[in-house]
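Written below as structure tokens is the structure these notes are about.
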Amino acid sequence: MDLGFVKRVIFTSIGRKFVMAVTGLALGAFIIVHLGANLLLMKGEESYNGYVALLLANPLILYAELGLAAIFLLHIATAVWVRWEDWRNAPSGYEERRWQGGRTLGSATMLYTAIAILAFLVYHIVDFRFGDHSVGFYQMVTAAFRDPVFVGIYVAGSLALALHLSHGMQSSFQTLGVNHPKYTPFIKFGGLLVALSMIGFALISVYFLLELDHRKAEHHYQVAATEAR
Amino acid sequence: MSDNKFSVTVRVWRQAGPGGKGRMESYKVPDVSPDMSFLEMLDVLNEDLVRRDESPIAFDSDCREGICGCCGLVVNGDVHGPDEHSTVCQLHMRRFRDGDVITVEPWRVKSFPVLKDLVADRSSLDRIMAAGGYISVNTGAAPDANAIPVDKDDAEEAMDAAACIGCGACVAACPNGSAMLFTGAKISQLALLPQGKPEKARRALAMVEAMDAEGFGNCANEYECEAVCPKDVKVANIARMNREFLLGNFLSKR
Ligand code: SF4
Ligand code: FES
């Protein structure tokens with residue numbers, strides 16, 4: 001058994017970037033599904049809790065969770081390793097230095113958005129994953145969304161995510177060697193759309209903060225009442 | 001012509017030798033003609049320094065027409081100076097005004113140690129080339145140039161990659177000190193052509209490993225390299241290198 005090719009994945013620059021890109025794309029796919037689930041919050045308690053119940057009923061959910069955690073850890077571990085090497089060899093000591101227009105806000109802040117996302121994630125997991133589920137999932141989440149401090153953190157987290165993905169999505173494809181004059185413009189555009197959709201998380205939390213769900217319910221109630229009359 | 005002469009002050013990195021400490025020093029250069037190249041201006045300054053019994057400023061140059069890749073300076077924070085996609089030897093003094101203070105620095109990358117003043121040792125790039133930047137052919141009579149058909153688009157792309165002059169500006173401009181644009185270009189120029197195909201997996205693996213061994217940073221797809229490259233080498237070459245490396249690793253027998 002020759003494990004040279006595995007060693008190359010771990011110990012070469014492109015090997016590590018490959019792991020970072022694949023795990024990054026997997027996390028991107030996960031976050032889109034997550035956003036879909038959050039949208040169910042707006043449909044109401046029944047839809048959301050029904051979805052959560054369906055998820056929890058799956059006997060493989062624990063393995064899925066562990067797999068997701070492993071992907072996260074791999075993404076973080078390779079990123080830390082890559083960054084540490086970059087930091088050691090980054091040009092340093094220029095008296096003057098001007099960026100030439102290659103970098104974007106997203107690419108230049110990858111490290112900072114990564115730290116922000118990680119901090120948010122830890123908070124999020126402690127609060128929700130290991131939080132009090134007895135009141136029901138819908139109630140737990142919407143109660144948090146009515147707290148301005150929580151929503152502030154949540155909005156900041158989703159903006160950091162949007163910025164991170166604005167570079168990360170298209171960057172992953174480049175790292176995997178997918179760069180083609182026909183398709184790369186679509187990949188870049190698609191990556192930006194995914195990044196932009198992360199603002200959806202923020203909007204949903206603000207929706208509940210402003211109690212727009214109550215207003216919608218009131219409206220329904222009034223319409224129903226008028227019709228009954 | 002003497003009427004449009006002007007004077008500038010250059011702030012230059014002076015370093016006595018390898019590994020030594022250096023510092024910025026200022027020199028006044030009077031009588032600069034707008035027709036001078038930037039390097040000619042440094043030549044004039046050096047003549048003046050020699051006349052005054054001071055040691056001249058060491059800097060690299062050879063062709064002075066943008067094709068050899070010897071020169072390379074950071075001018076006012078711009079890699080290869082303010083002109084886009086140009087080498088610093090192609091920079092002219094007409095880009096400056098009377099009284100300008102011009103900061104001149106060498107590439108400051110760990111894998112390019114400064115030897116003296118503005119001269120950085122870029123032999124790490126040569127070692128990447130030695131690891132696989134070639135094709136193996138039998139000696140003897142040259143084969144018929146047209147015996148192997150090459151797709152025109154591929155030939156052009158290979159030619160664009162082969163335009164890389166190995167100046168190292170991509171590394172100097174990269175926030176991470178990565179040499180992936182250079183290595184990508186050197187892998188691409190051969191991978192795109194039928195003559196390069198037989199050794200492509202071996203080449204990609206060996207050159208990337210040699211690049212890593214030199215301690216260059218990792219590409220984070222910031223694309224600052226593409227923005228400064230005097231030969232306009234495209235980052236699509238980095239993607240090709242990634243592809244060649246990954247396919248070579250997972251699919252070849254090596
Ligand atoms: S890729 Fe461009 S910047 Fe880099 S060494 Fe070649 S010519 Fe210079
Ligand atoms: S001296 Fe040859 S490229 Fe500048």
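Only the coordinates and a few stated rules stand behind these numbers; no lab work does. Since this is a predicted model, take the numbers as computed values, not measurements. Positions of Cβ are generated from backbone atoms using ideal geometry, with glycine treated the same way; all protein chains shown enter the neighbour counts.
Could you give each residue of region A:40-48 its phi-based ³J(HN,Hα) in whole Hz, using Karplus coefficients 6.51, -1.76, 1.60 with θ = phi - 60°, and x for Gly or Pro?
3J(HN,Hα) across region A:40-48, in whole Hz: 5, 4, 6, 6, x, 4, 5, 4, 5.
Let a ≥ b ≥ c be the square roots of the eigenvalues of the Cα gyration tensor of chain B; is it rounded (a/c under 1.5), or, if not, prolate (a/b larger than b/c) or oblate? Please list the in-between numbers first.
Working: a/c = 2.44, a/b = 1.97, b/c = 1.24.
Cα axes put chain B in the prolate bin.
If you average the C-alpha positions of region B:11-87 and of region B:194-217 separately, how far apart do those two centres end up, in angstrom?
Here the answer is 34 Å between Cα centres.
For region A:18-100, which GluC sites (Glu not before Pro) are in a loop by DSSP, counting at most 16 other Cβ atoms within 10 Å?
Numbers: sites: A:Glu45, A:Glu46, A:Glu65, A:Glu85, A:Glu95, A:Glu96; in loops: A:Glu95, A:Glu96.
Listed in order of number, the matching sites are A:Glu95, A:Glu96.
What FRET efficiency comes out for B:Arg52 versus A:Phe186 if R0 is 45 angstrom and r is the Cβ-Cβ distance? Round to the nearest 0.05. Can you show the working numbers first?
Working: r = 62 Å, r/R0 = 1.37.
E between B:Arg52 and A:Phe186, to the nearest 0.05, is 0.15.
Could you work out how far apart the two model spin labels at B:Arg97 and B:Lys28 are, taking each label as a point 7 Å from the Cα in the direction of the beta carbon, and quote it in nm?
2.0 nm
Which of rounded, prolate, oblate describes region B:6-116, given a ≥ b ≥ c as roots of the alpha-carbon gyration tensor eigenvalues and a/c under 1.5 marking rounded, otherwise prolate only if a/b is larger than b/c? Walk me through the numbers before you get to the answer.
On the way: a/c = 1.56, a/b = 1.10, b/c = 1.41.
Oblate.
Amide H to amide H, which residues 5 or more places from B:Glu25 or on other chains are under 5 Å from it, using H placed in the peptide plane?
B:Val12, B:Trp13, B:Arg14
If you average the alpha carbon positions of region A:82-141 and of region A:191-229, how far apart do those two centres end up, in angstrom?
29 Å
Of B:Lys152/B:Lys197; A:Lys182/B:Lys186; B:Lys200/B:Lys253, which sit over 18 Å apart, Cα to Cα?
Pairs exceeding 18 Å: A:Lys182/B:Lys186.
Give me the one-decimal nm value for the distance between modelled label points at B:Glu84 and B:Asn146, 7 Å along each residue's Cα-to-Cβ direction.
Output for this residue pair reads 3.9 nm.
Trypsin sites (Lys or Arg not before Pro) within region A:135-226: which are DSSP loop residues with at most 11 other Cβ atoms inside 10 Å?
Values: sites: A:Arg146, A:Lys182, A:Lys188, A:Arg215, A:Lys216; in loops: A:Arg146, A:Lys182.
For trypsin sites (Lys or Arg not before Pro) across region A:135-226 that sit outside H, G, I, E and B with at most 11 neighbouring Cβ atoms in 10 Å, the list reads A:Lys182.
Please compute the length gained on full extension between A:Lys216 and A:Asn58, using 0.36 nm multiplied by the number of residues separating them and subtracting their Cα-Cα distance.
On the way: separation 158, 0.36 × 158 = 56.88 nm, distance 3.27 nm.
Result: 53.6 nm gained on full extension.
Rounded, prolate or oblate: which fits region A:143-229 when a ≥ b ≥ c are the square roots of the eigenvalues of the alpha-carbon gyration tensor, with rounded for a/c under 1.5 and prolate only if a/b beats b/c?
Numbers: a/c = 6.78, a/b = 2.19, b/c = 3.09.
Oblate, because a/c is 1.5 or more while a/b does not exceed b/c.
For region B:178-183, just list the computed ³J(HN,Hα) in residue order, Karplus coefficients 6.51, -1.76 and 1.60, θ = phi - 60°, integers in Hz, with x standing in for Gly and Pro.
The phi angles translate into 8, 9, 6, 5, 4, 5 Hz.
If each residue's Cβ is checked for other Cβ atoms within 10 Å, how do B:Lys28, B:Lys200 rank with the fewest at the top?
B:Lys28, B:Lys200
Would you kindly derive the ³J(HN,Hα) couplings of region A:169-182 from the backbone phi angles with the Karplus curve 6.51 cos²θ - 1.76 cosθ + 1.60 (θ = phi - 60°), listing them in order in whole Hz, with x for Gly and Pro?
3J(HN,Hα) across region A:169-182, in whole Hz: 4, 5, 4, 4, 5, 4, 5, 7, x, 8, 8, 9, x, 7.
Amide H of B:Leu115 versus every other amide H placed in the peptide plane: which residues, excluding those fewer than 5 positions away on the same chain, fall under 5 Å?
B:Ala120, B:Asp121
Pairs of alpha-carbon atoms within less than 8 angstrom and 6+ residues apart define the contacts here; what relative contact order does chain B have, in percent? Write out the running numbers ahead of the final one.
On the way: 458 pairs, mean separation 49.1, N = 254.
It rounds to 19 percent for chain B.
What residues have an amide H closer than 5 Å to that of B:Ile102, excluding those fewer than 5 places away on the same chain, when H is modeled at 1.01 Å from N in the peptide plane?
Under 5 Å from the amide H of B:Ile102: B:Thr9, B:Val10, B:Arg11.
Could I have the simple spin-label model distance between A:Ala225 and A:Met140, label points 7 Å from Cα toward Cβ, reported in nm to one decimal?
So the two model labels end up 3.5 nm from each other.
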